[in-house]
Each structure stands twice: as structure tokens, then as C-alpha cells.
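> Quick one: the structure is below, questions incoming.
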Amino acid sequence: MPVTPQLRGPRPNDPPHRGHRVRGPVAGRLLAVHAITPADAVPYTPPDRIARWWLDHHLRTGTIRRLPDGRIHLDLHAHYAHAEARSRRLTPIALVAAIAIAGIAVMFYRG
């Protein structure tokens, strides 16, 4: 019986399937109603200012697209591209911070 490889997580070129991780309540809502293509776009009005901020953030980054008729949908390819860019930007900062914290801790070591 052939063994099929298991994916560790969704990749940008994978077809839509379960297991997507998104940031914010708006993207989560769009994913829950399966609004991930222009044909599946839904009308959405943010219920509060926090959801409004998240919607504006996703529209700015291009992870949520607004159609001419006002409906919106989540662009998974743009979402994963943005997440990867954010990871590439923040990883070096986290490494430098971790090394600095370790260096400070070593200065206080009395062995």
C-alpha cells in the first residue's frame, strides 16, 4: 500500500481545504462561511471598531478583496504570502532579542 506524504500545513499553492490559520475576526468569519473566491464573496459590515480595524488592515495588505458590488472575500494566496513575509521580517528580530536576553542573563550568573 503506497504511503501518501502528510503536509505540515497549508501552502500558498494548495487548493482550499480545512486547516487554514488566519489572523483576526474578519478573516476567520470569511473562512467560516467559505468566502475564499470572488464567486463565494459575501456582504460584511463590521459589528464594532476592532472588527473595523481588522477589516481595514486586511484590505490594506490585500488579504481581503472587495468586489465592485461591495461584497468581500478572503484571498488565501495573498494571506499566506503576507504571513510568510511577516515571518521573514520578524524572525531576525526575535533571534537578536533572544540572544540579548541570554547575554544579560549570563551577566548575572554567579557560578
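> Quick one: pull the percent of accessible area on region 16-67 belonging to carbon and sulfur, 1.4 Å probe, ligands and nucleic acids left out.
Carbon and sulfur together cover 54 percent of it.
> Label Arg89 and Tyr109 with points 7 Å out from Cα along Cα→Cβ: what is the distance between them in nm?
Placing both labels 7 Å along Cα→Cβ, they lie 3.5 nm apart.
The values are calculated or read from the model by the stated rules, or taken from the named source; none is laboratory data. Treat the numbers as computed from the prediction; the structure is a model and nothing was measured. Here Cβ is always computed from backbone atoms with ideal geometry, including for glycine, and neighbour counts include all displayed protein chains. Calculation scope for accessible area: heavy atoms of the full protein, side chains included, ligands and nucleic acids excluded. Shrake-Rupley method; radii C 1.70, N 1.55, O 1.52, S 1.80 Å.
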